[in-house]
Structure formats: C-alpha cells, structure tokens
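Laboratory data are not the source of any read-out in this text; all were calculated from the coordinates shown. Just so we're clear, the structure is a prediction, and the values are computed from it rather than from any experiment. All Cβ positions, glycine included, derive from the backbone under ideal geometry; neighbour counts span all protein chains shown.
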Amino acid sequence: MTDLLDRARGALHAQPFSMLLGAELMHTGTDELALSLRIRDELRQQHGFVHGGVISYLVDNALTFAGALSLGPKVVTGEYKINYLRPAVNGTLIARARVVYAARHQVTCQCNVYVMDGDREKLIAVAQGTVDRIGENGEHEPAG
C-alpha cells in the first residue's frame, strides 16, 4: 500500500495547481482516498469563507484519484455534481472519496468534504461524479 501512496503523492506533486494550493494526499486504500488542504487567507472569498472553487478543486481531484485506483493512472473527470452544505472558515479541509461502481472504462465515485477545526469535524460538501479512462490519444474511452 505504501507504494500506491507514494505513486499517488508523486502524481499530486506533479500538478502545479495542487502545489500552488498546498494540497496533500493523506491516505489511500484499495478504493478510497483522502486529500487535505490547510485553510489560509488566500483561499477565502469576500465573506471570509473558503471559496467554493477551492472546495470544488478538492472534490475534482479526490474523485479522479479515487477513480484511478480502479482504472489506472490515465484518467480524467467526466463530470461531477457538488452540494455545498455549510461554509468553512478555519482549520483544514479534508476530501474523502471512494469508488461506488466500477466498469471497464468508467467509475462512479462519491466524495464528502469536511472541515477539521481543532478536534471537531464538520461535513461541508457532498459530491458524486464519474471518472473516465483516457486512451493513448487523450480521448475518453467509451463507457461500459
């Protein structure tokens, strides 16, 4: 499992945008993983809450990394839907994603995003999406 975690961390660190935001891969299992991101002022919107785009980024990456656990490393997000439940202000964001259905070229994943502030964890967003395997030419492979 350590080899899988190391490879996944390598993939995350190869993403300049992820490094700009400061995302970290906390855990990976056979069909689930967790990403974290420490909240800081640069990630807030005008009301002091973490910007929805930051939370959406975490969902997108967590879903895709979870999908890669079933499909291999050449994957992209096909689509996802997110529901924002409450704002996050302080602490660390944690996105936990897992595969709920896997086909040959596409998986369906779910992701819950929490904010950890001290020892309290609050659910702030839920999402579901599909992740597609990409072919050698970068195109999505047919589902099924």
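Measuring from centroid to centroid over Cα atoms, what is the spacing of the stretch 93-113 and the stretch 1-42 in Å?
Value for the Cα centre distance between the two parts: 15 Å.
Could you check which residue among Leu35, Leu43, Leu25 shows the biggest mean-square fluctuation in a GNM of the chain with a 10 Å Cα cutoff?
Leu43
Between Thr92 and Asp41, what is the label-point separation in nm under the 7 Å Cα-to-beta-carbon projection?
For the pair Asp41/Thr92, the computed spacing is 2.2 nm.
Which residue, Ala23, Ala66, Ala103, tops the fluctuation ranking in a GNM of the chain built on C-alpha contacts under 10 Å?
Ala103
Measuring from label point to label point, each 7 Å out along Cα→Cβ, what is the Met26 to Glu79 span in nm?
So the label points at Met26 and Glu79 sit 3.0 nm apart.
Which one, Gln110, Pro73, His47, is farthest towards the positive end of the dipole of the chain when Lys and Arg carry +1 and Asp and Glu -1 on their Cβ?
Looking along the dipole axis, the top candidate is His47.
Pull up all non-local amide H partners of Gly91: gap of 5 or more, or a different chain, and H-to-H distance under 5 Å with H placed in the peptide plane.
Placed amide hydrogens put Ile39 under 5 Å from Gly91.
Given Cβ point charges of +1 (Lys, Arg) and -1 (Asp, Glu) and nothing else, what value in debye, to the nearest 20, does the dipole of the chain about its Cα centre take? All intermediate terms of the calculation are to be shown ahead of the outcome.
On the way: 14 positive and 16 negative charges, 62 e Å.
About 300 debye.
Report the full-extension gain for the segment Tyr101 to Asp6: residue separation times 0.36 nm, less the Cα-Cα distance, to one decimal in nm.
Extra length available between Tyr101 and Asp6 comes to 31.7 nm.
Pick from Leu20, Leu37, Leu93: which residue has the top mean-square fluctuation in a GNM of the chain where Cα pairs under 10 Å get a spring?
Judging by the Gaussian network model, the answer is Leu20.
Rounding to the nearest 20 debye, state how big the charge dipole of the stretch 1-85 is about its Cα centre with +1 on each Lys and Arg Cβ and -1 on each Asp and Glu Cβ.
Numbers: 7 positive and 9 negative charges, 30 e Å.
Dipole of the stretch 1-85, to the nearest 20 debye: 140 debye.
Over all directions, average the projected area of the Cα convex hull of the chain and note it in nm².
Values: hull surface 34.8 nm².
Directional mean of the projected Cα hull area for the chain stands at 8.7 nm².
Would you calculate a helix-derived [θ] at 222 nm for the chain, using -39,500 (n - 2.57) for each DSSP H run of n ≥ 4 and dividing by the full residue count, to the nearest 500?
Working: 3 runs with 38 residues, N = 144.
Calculated at 222 nm, the ellipticity per residue is -8500 deg cm²/dmol.
Considering the Cα trace of the stretch 23-71, what is its radius of gyration and what is Dmax, both in angstroms?
Answer for the stretch 23-71, Rg first and Dmax second: 12.6, 39 Å.
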